[in-house]
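Okay, so here's the structure we're looking at.
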Amino acid sequence: MPQVRRELSENIRNVARNLTTSSIRPTVDELDQSRSFPHAHLTALGDAGLFGIAAPPTLGGQMADARSFVGVVEEISRAAPSTALVYTAVLSSCLPLMRHGSEKQKSEFVPKIALGEWKCGVAISTHPGGDQMNGDVIASREGDRFRLDGAIQYVIGAHGLDSFLVRADVKGEGGGPSLFLVRHHDAGFQRGGMDRRLGLASAGIGELRFENCVIGPERVIGGIGKGVEGNRAAQEYLLLGVSAMALGMAQECFDTAVRLLRETQNEYTSTELALIRQNVAGMQTRISAMRAIADLAAFHEDTDPPGIPYPTYRGRIFCLESALEVAASALQLAGGKGFSEEAMIERMLRDARVLAIILSTTEQLKDALGEFIIRGE
């Protein structure tokens, strides 16, 4: 990594770390218990310029790399995984616009997201058994405009974000899967029920509904038929963000467990301490491997041409499995204190368990990756 880019990445990570300490961590317990959307957290992230790391300076951003994105998500996840997931969704909405939007769409929409004026997400269902790349939304032509009808369930930030990129199938000749930008004030746009999950309680996951929701041609991203490519770009970044979240959660669990062990190590026999030290060394080694594979996935995102994102898939698989293992080990090592809400290990374990089954389950990704490998793709 060139020195200038490395310094930019470290500066961005430091901004995220300081902001997490001052503005995010103090209110996490309240938001988690009340299942409230982290509006104040997103405002703080926007004010710090962290929504613009994927956009060029000409569009209100900093043009940092995917490694910077991983660093920001890791820092936020150490305190607030729900906020990190919503942040990831917002950053992921920039990718289809940057890669497939027209020059006019880029200049009009990207700065609003990069500067935090719009909090835009991607209407991809996170249901593990559903079709993540599509929803039950149909777009019917009405002159040069389009009427959206249907619904998508289990959308990140459904109850909190103000804009969404929505894939809908345009019917008729010259149609196909297309990507529409829908704003919260558009007639016919509604928010359905909110999902109440074991973890990620304040991520605002829920249903989006569209009934006679008319969208003009200026908000068809890249034109008719670009929906698959646009959603794929967003999903790759979402998976990369999930890997970074797993890394941050595992690091927080590890640091908490070690801190608690230092306070209680005199209570153990020498034999027990030997076993504990071996466990701690194994946890740290696994976290180091997580960091390496997440870094490789980020490098792939920045440098490789479009195609099957092998490193991104591998990163998501390995990092989530490792985070669950590290969190469980941390809970065991911390003893009774690990179950307290103050320690945060129990929340991290809950959030990691839910994270492992949204977007795509580990088993689904392994199946897809294995198929690609066997076919020689």
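Taken residue by residue, region 57-66 has at least one member that is within 20 Å of residue 234 (Cβ to Cβ), in a helix (DSSP H, G or I) and of a type outside the set (Asp, Glu). Restricting attention to region 110-126, the residues that are out of contact with any strand residue (DSSP E or B) (no Cβ under 6 Å at 6 or more places or on another chain) and buried (at least 24 other Cβ atoms within 10 Å of the Cβ) total 4.
For residue 264, state whether it is assigned to a helix (DSSP H, G or I), more than 24 Å from the chain's Cα centre (by Cα) and at pLDDT below 90. For residue 264, the condition - assigned to a helix (DSSP H, G or I), more than 24 Å from the chain's Cα centre (by Cα) and at pLDDT below 90 - is met. When region 212-260 is filtered for residues that are surrounded by fewer than 21 Cβ atoms within 10 Å (Cβ to Cβ), in contact with a Gly (Cβ under 8 Å, 6 or more places away or on another chain) and modelled with pLDDT of 95 or more, the ones remaining, listed by number, are 212, 214. Any residue at all in region 278-288 that is loosely packed, with under 12 Cβ neighbours inside 10 Å, modelled with pLDDT of 90 or more and under 24 Å from the mean Cα position of the chain (by Cα)? Yes. So for region 34-42 (the condition being touching a Ser or Thr at 6+ places or on another chain (Cβ under 8 Å), modelled with pLDDT of 95 or more, within 18 Å of residue 165 (Cβ to Cβ) and in a helix (DSSP H, G or I)), does at least one residue qualify? Yes, the conditions are met somewhere in region 34-42. Per the conditions (1) over 17 Å from residue 227 (Cα atoms); (2) surrounded by fewer than 17 Cβ atoms within 10 Å (Cβ to Cβ), the sole criterion not satisfied by residue 171 is (1).
Screening the candidates 77, 140, 107, 92 for the property of being out of contact with any Pro (no Cβ under 7 Å at 6 or more places or on another chain), of a type outside the set (A, V, I, L, M, F, W, C), in the same structural domain as residue 58 (by TED's automatic domain parsing) and under 25 Å from residue 192 (Cβ atoms) yields one hit, 92. Every listed requirement among (1) outside any loop (DSSP other than H, G, I, E, B); (2) touching a strand residue (DSSP E or B) at 6+ places or on another chain (Cβ under 8 Å); (3) under 25 Å from residue 218 (Cα atoms); (4) not basic (Lys, Arg) is met by residue 98 save one, (2). Can residue 254 be described as aromatic (Phe, Trp, Tyr) and either assigned to a loop (DSSP other than H, G, I, E, B) or out of contact with any strand residue (DSSP E or B) (no Cβ under 7 Å at 6 or more places or on another chain) (or both)? The answer is yes for residue 254.
The values are calculated or read from the model by the stated rules, or taken from the named source; none is laboratory data. Note that this is a predicted model, so its numbers are computed, not measured. Reconstructed Cβ throughout: ideal geometry from the backbone, glycine too, with neighbour counts over all protein chains shown.
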